[in-house]
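Peer 1: Before I ask anything, here is the structure I am working with.
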Amino acid sequence: MELYERIPNNVNLSQDKRLQRALEKWLPNYLEWWREMGPEGFQDKDVYLRTAVGVDAEGWANFDYVKMPDYRWGIFLKPAEADARVGFGDNYGMPVYQEVPGEFRNALRRIIVTQGDTEPASVEQQRQLGKTCPSLYDLRNLFQVNVEEGRHLWAMVYLLHGYFGRDGRDEADALLERRSGNPDRPRILEAFNQPCDDWLNFFCFTMFTDRDGKYQLAALAESGFEPLARTCQFMLTEEAHHLFVGETGVGRVVKRTAELMKQSKDGDARELGGISLDIIQKYINFWFSYSLDLFGGEISSNSADFFAAGLKGRFKEQDQYEDHIAAEGSFTLTVVEDGKLAQREVPLRNALNEVLRGEYVKDCERAMTRWNKYLTDAGVDAQLYLPSTRFHRHVGEFAGHYFDVQGNMITKEEFESRQSEWLPTIEDREYVRSLMHAVTEPGKIANWIAPPSAGIKGKPFEFEYVRL
Ligand SMILES: [Fe+2]
Ligand SMILES: [Fe+2]
């Protein structure tokens with residue numbers, strides 16, 4: 001473990017001078033990017049942060065006050081397993097690859113760059129949020145997510161520099177050049193160019209969009225390309241907290257909305273300065289649909305090639321499946337044919353994006369059940385729901401067609417005339433923004449959200465998570 005090096009790592013960086021030099025050259029550019037695009041207005045504040053200092057299940061992280069620019073971003077991979085084997089596809093059972101298989105070099109680089117691009121993008125999307133935090137606890141969680149997305153960028157840049165030679169280096173530089181929402185040099189995926197300028201957006205983003213990350217990382221964590229697998233395994237450890245922030249964040253908004261609905265004369269949370277359920281629902285519809293796009297097309301020859309090569313598997317491939325070759329099976333999915341919905345049977349390997357998306361949807365449904373329980377417990381009749389996976393899609397079979405939230409096909413005109421019922425309007429967004437005022441006194445919380453049920457690392461909610 002090289003914990004006190006310039007770049008903390010457990011990959012023996014000091015033994016590989018070429019790689020070490022390359023990364024040390026990238027480091028100042030990264031710090032410059034962080035100062036320019038990281039959280040605005042808080043760079044010199046002490047934040048109670050978790051820093052990865054190892055990869056043991058026990059004690060992999062250290063909690064202490066840190067100024068964000070001094071955060072120890074490091075490179076950590078889960079330790080290699082002895083005699084690891086490719087877990088699926090045509091090379092099932094062969095020794096795992098230590099180098100990039102030549103014919104998949106471009107495709108694999110694309111996967112790593114696309115994943116890598118999301119990490120700094122989300123930091124950029126969230127950089128203004130600190131100024132309107134609902135509590136110090138939430139402020140700290142925002143910054144925790146931000147610094148760890150920074151570390152995830154390091155993780156991907158390590159792979160690019162370490163395994164892709166010259167073009168890997170160029171790609172690593174480009175990761176610091178694109179900017180979320182910039183029309184001339186946007187981030188690669190659309191969800192990462194959407195503004196995330198209020199806290200309901202932030203919680204929906206960490207709930208739905210970070211959760212896509214969990215499923216992509218999980219599928220890559222069993223990759224036959226071992227350095228990628230071990231990198232993703234460790235990233236998943238950190239990612240769990242981001243998903244917790246999102247799921248409990250939306251949950252706390254729902255809980256508070258339910259309370260305010262009961263207190264108000266007309267059952268309207270807005271009367272008492274809360275966020276109404278219909279606005280929460282529209283934000284869910286927006287982020288859920290954009291996040292579904294991140295899984296790619298329903299029918300995909302890429303997904304088949306990647307599976308065949310043993311590079312990207314299914315969710316929990318080893319635990320959930322018996323047949324890891326999946327050469328014979330088929331999968332029936334809904335498609336649009338001659339302007340109508342139809343069922344089509346395709347080879348299973350071509351449907352793996354859809355299979356992964358299905359796992360994701362199940363996970364979102366689980367969270368939805370939990371949020372709805374807050375409504376029931378408070379005695380509120382209404383319920384939240386997930387829209388159909390066909391609704392508001394920009395990638396795959398349903399892109400270019402129009403559906404209502406139940407998934408019924410409708411005309412473009414009908415969609416346009418009804419979309420203000422389903423997606424946040426400018427007025428909705430302005431209303432939510434009008435509620436966003438910083439609450440920074442320890443133990444206090446904004447009116448539109450319930451406090452968390454526990455603090456961080458055994459500390460109480462009143463703890464001074466950020467020293468302002
Ligand atoms: Fe990440
Ligand atoms: Fe994340």
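Peer 1: For the stretch 233-320, which fully contained helices (runs of 4 or more DSSP H) count at least 1 residues that are under 24 Å from residue 208 (Cβ atoms), within 16 Å of ligand 1 (Cβ to nearest atom) and under 17 Å from the mean Cα position of the chain (by Cα)? If you could, list the steps in order and put the result at the bottom.
Peer 2: Working: elements: 277-293, 301-308, 317-320.
In the stretch 233-320, 277-293 are the helices (runs of 4 or more DSSP H) which contain 1 or more residues that are under 24 Å from residue 208 (Cβ atoms), within 16 Å of ligand 1 (Cβ to nearest atom) and under 17 Å from the mean Cα position of the chain (by Cα).
Peer 1: What is the number of the single condition among (1) under 22 Å from residue 279 (Cβ atoms); (2) open to solvent by 10 Å² or more (accessible area, probe 1.4 Å); (3) within 16 Å of ligand 2 (Cβ to nearest atom) that residue 241 does not meet?
Peer 2: Exception for residue 241: condition (1).
Peer 1: Counting residues that are β-branched (Val, Ile, Thr), which helices (runs of 4 or more DSSP H) fully inside the stretch 341-446 reach at least 2?
Peer 2: So the answer is 352-377, 426-435.
Conditions (1) away from ligand 1 (no atom under 14 Å from the Cβ); (2) touching a residue at least 12 places away in the same chain (Cβ under 8 Å); (3) on the phi < 0 side of the Ramachandran plot; (4) out of contact with any Leu (no Cβ under 9 Å at 6 or more places or on another chain), marked per residue:
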| position | (1), (2), (3), (4) |
| --- | --- |
| 80 | yes, yes, yes, yes |
| 122 | no, yes, yes, yes |
| 144 | no, yes, yes, no |
| 163 | yes, yes, yes, no |
| 167 | yes, yes, yes, no |
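Peer 1: When you go through (1) modelled with pLDDT of 95 or more; (2) out of contact with any Phe, Trp or Tyr (no Cβ under 7 Å at 6 or more places or on another chain); (3) of a type outside the set (Ser, Thr, Tyr) one by one for residue 255, which number turns out not to apply?
Peer 2: (2)
Peer 1: Still on this model: One residue is enough: does the stretch 436-448 have a residue meeting the conditions surrounded by 13 or more Cβ atoms within 10 Å (Cβ to Cβ) and without any contact (Cβ under 8 Å) to a residue 40 or more places away in the chain?
Peer 2: Within the stretch 436-448, one or more residues are surrounded by 13 or more Cβ atoms within 10 Å (Cβ to Cβ) and without any contact (Cβ under 8 Å) to a residue 40 or more places away in the chain.
Peer 1: If you don't mind, there's one more thing I want to ask. Which of the residues belonging to the stretch 87-112 are away from ligand 1 (no atom under 16 Å from the Cβ) and either within 19 Å of residue 196 (Cα to Cα) or open to solvent by less than 20 Å² (accessible area, probe 1.4 Å) (or both)?
Peer 2: Step one: filter the stretch 87-112 for residues away from ligand 1 (no atom under 16 Å from the Cβ), giving 87-110.
Matches in the stretch 87-112: 87, 88, 89, 108.
Peer 1: A follow-up question, please. Among the residues of the stretch 113-125, how many are open to solvent by less than 10 Å² (accessible area, probe 1.4 Å) and within 16 Å of ligand 2 (Cβ to nearest atom)?
Peer 2: Matching residues across the stretch 113-125 total 7.
Peer 1: A follow-up question, please. From the list 141, 62, exactly one residue is in a strand (DSSP E or B) and either away from ligand 2 (no atom under 15 Å from the Cβ) or not aliphatic (A, V, I, L, M) (or both). Which is it? Even if it seems obvious, please write down each step before you answer.
Peer 2: Numbers: 141 fails: in a strand (DSSP E or B).
Result of the check over 141, 62: 62.
The values are calculated or read from the model by the stated rules, or taken from the named source; none is laboratory data. Just so you know, these numbers come straight off a predicted model, no measurement behind them. Neighbour counts are summed over all protein chains in view; Cβ atoms, including those assigned to glycine, are modelled from backbone coordinates with ideal geometry. With ligands, DNA and RNA removed, areas are computed over all heavy atoms of the protein, side chains included. Shrake-Rupley method; radii C 1.70, N 1.55, O 1.52, S 1.80 Å.
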